[in-house]
Amino acid sequence: MKKIIYALVVITFLTTGSAFALSISNDGNYTLDTTSGKYYDSGSEAFSLVDTDGVSDDTTALLYFEYAGFELKNKFGLYTYDEDIDGVVSVTGSLEIFDGAAQGIYDNNTAANAPSTTVAFDFAGGTVTNVATGDSTSINLNRFGFYLDSPGTFANNNAGGPLSRFYSHTSLNDDEYDHFKSYITGDNTASELLGADVVLAIEDLWGGGDQDFTDFVVGITDVAPVPEPGTLLLLGAGLIGLAFLKRRKEA
């Protein structure tokens, strides 16, 4: 069983002169509720950096809240990967971004105090670096996923056993469960998201546990989903079809 950290699943954050809510609705749809409206799970598993001008190629991760018994043990990071012609994904490197014990949660429930870490990309040098720790891993393409290390395994649940790693690519998870909900928030209309373009809500228990997806909620700036291979194939087929119709019309 999880230790209850907050009295309510709906967490209310305070700003100067106003209050606003940021929450995940456990309604079967797992909507991300903000003061500006609702966001829905996009199903995205992989992401890429959108600001790649060669000057400040980086992203910032913002830890909104952890509502979990493992909040001091969970570790969040990104991983790089390769994908073969059959769509099989294999991890090539990983980089820790947040340590739950070191980062904690919102300070006094104030959005401006959300813990944050910047990750810098050097595509020419083939590295991605955690600016706070100086740790790096290699990257060969502008695509990556995110992971959560947690002790919430089937065998070691609450027993202090080794951490399990849950990936945003469901195919990489030993329990075959989708531990990540991803929300595309690039419209940036919700002030409490602090400019995040993607929000990840993560379940940290083996097999989905209580499936509340409030165990680790983090925002990521300057990133966008990587289209699924099937989407790219459909797009390519559509472009080919349009070109064919254009040639027929000209003929």
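The values are calculated or read from the model by the stated rules, or taken from the named source; none is laboratory data. These figures come from a predicted structure and were not determined experimentally. Cβ sites come from the backbone with ideal geometry, for glycine too, and all protein chains shown count toward neighbours. Side chains are part of the model used for accessible areas, which takes the heavy atoms of the whole protein and leaves out ligands, DNA and RNA. Shrake-Rupley method; radii C 1.70, N 1.55, O 1.52, S 1.80 Å.
Brief remarks follow.
- Under the simplified labelling scheme, the residue 211-residue 189 pair shows an inter-label distance of 2.9 nm, with each label point 7 Å from Cα along Cα→Cβ.
- Value in Å of the Kirkwood radius, where segment 27-86 supplies the Cα pairs that are averaged: 15.8
- Legend: calculated FRET efficiency, residue 33 to residue 177, from the Cβ-Cβ distance at R0 = 22 Å, rounded to 0.05, equals 0.40.
- In Å², nearest 10: area of residue 42 left accessible to a 1.4 Å probe: 50
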